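The values are calculated or read from the model by the stated rules, or taken from the named source; none is laboratory data. Because the structure is predicted, anything quoted here is derived from the model rather than measured. Cβ atoms come from the backbone with ideal geometry, glycine included; neighbour counts cover every protein chain shown. Just so you know, the surface numbers come from the protein's heavy atoms only, side chains and all, with ligands and any DNA or RNA stripped out. Shrake-Rupley method; radii C 1.70, N 1.55, O 1.52, S 1.80 Å.
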Amino acid sequence: MRRPWIGVTVKHIRESGSLGRAQSATETAYLQAVWRAGGVPVMLPNLPEAAPEFAERMDGFLLTGGCDIDPARYGAPLHPRTGPLDPLRDALEFALVEAARARGKPILGICRGSQVLAVAFGAVLCQHLPEVTELTHDSDAPPPARAHPVRLDPPLALRDLLHAHGIGEVLEVNSYHHQGIRRRAECPPALQPIAEAPDGVVEAFLWAPDAIRALGVQWHPELLVEDDPRHLWPFRWLVEAARS
């Protein structure tokens, strides 16, 4: 069976030295997780005008972690702790979500990627969680350290996959974000929250107009896979959804 092609978004980095040339890159752990789950990872450059072409050629998409989203996209002023921003990456990823939704292509969003999904569906993000909760979300502990548990409430369509990976109602996760959906009541109507931290921050959600078409998780499962293979489940969901 052909491995589905998964488009993986990237970040801008600037080469050190006098030339300071811009580069596009992503963490190897994302690419390894997609391959291990059965897909072919394909890095997508930040070319917003190419989003429709990417959506035609790819079978699914992984929106990776990275910098903050420009709060103007959800009608909020810039918080002093928000940034850095990358308008070109914002433009590409929001265009990708629109193009993939129109074509029924599945999307997995991790950390920043989940926030892109949330905002695309109408969410207003809390721009700095340390102001509203004492629970550690923006941890400085290296993986595979866990930061806190999440309580899972998946729909039946996802429950079998989680059970197959030995995951029950509670999952210990890492956490490297300072923004997100503050509480379940602030989740857009189109999105279904499926995991919460002990302080009520939404840690995972999905969009399922018929079948599940988008899944967002705030933690970084790609950094936990080597230590605990159960954390491969979001990538396996993406690859299987892309096959169909």
query: Somewhere in the stretch 170-179, is a residue open to solvent by 10 Å² or more (accessible area, probe 1.4 Å), within 20 Å of Arg3 (Cβ to Cβ), out of contact with any Leu (no Cβ under 7 Å at 6 or more places or on another chain) and at pLDDT 95 or above?
result: no
- line: Taking the stretch 52-72 and keeping residues open to solvent by 10 Å² or more (accessible area, probe 1.4 Å) and more than 17 Å from Ala99 (Cβ to Cβ) leaves Gly66, Cys67, Asp68, Asp70, Ala72
message: Condition first: open to solvent by 10 Å² or more (accessible area, probe 1.4 Å), of a type outside the set (S, T, N, Q) and not in a helix (DSSP H, G or I). Now tell me which residues in the stretch 112-136 satisfy that.
response: Phe121, Gly122, Val124, Leu125, Cys126, His128, Val132, Glu134, Leu135
query: How many of the residues making up the stretch 73-90 are closer than 21 Å to Val217 by Cα, surrounded by fewer than 19 Cβ atoms within 10 Å (Cβ to Cβ) and in contact with a helix residue (DSSP H, G or I) (Cβ under 8 Å, 6 or more places away or on another chain)?
result: 2
query: Could you say which residue among Pro209, Pro198, Pro193 is in a strand (DSSP E or B) and not polar (S, T, N, Q)?
result: Pro193
query: Which one of these does Leu191 not meet: (1) over 21 Å from Gly113 (Cα atoms); (2) in contact with a strand residue (DSSP E or B) (Cβ under 8 Å, 6 or more places away or on another chain)?
result: (1)
query: Restricting the search to the stretch 24-51, which residues are farther than 23 Å from Gln179 by Cβ, surrounded by 15 or more Cβ atoms within 10 Å (Cβ to Cβ) and among the charged types (D, E, K, R)?
result: Arg36
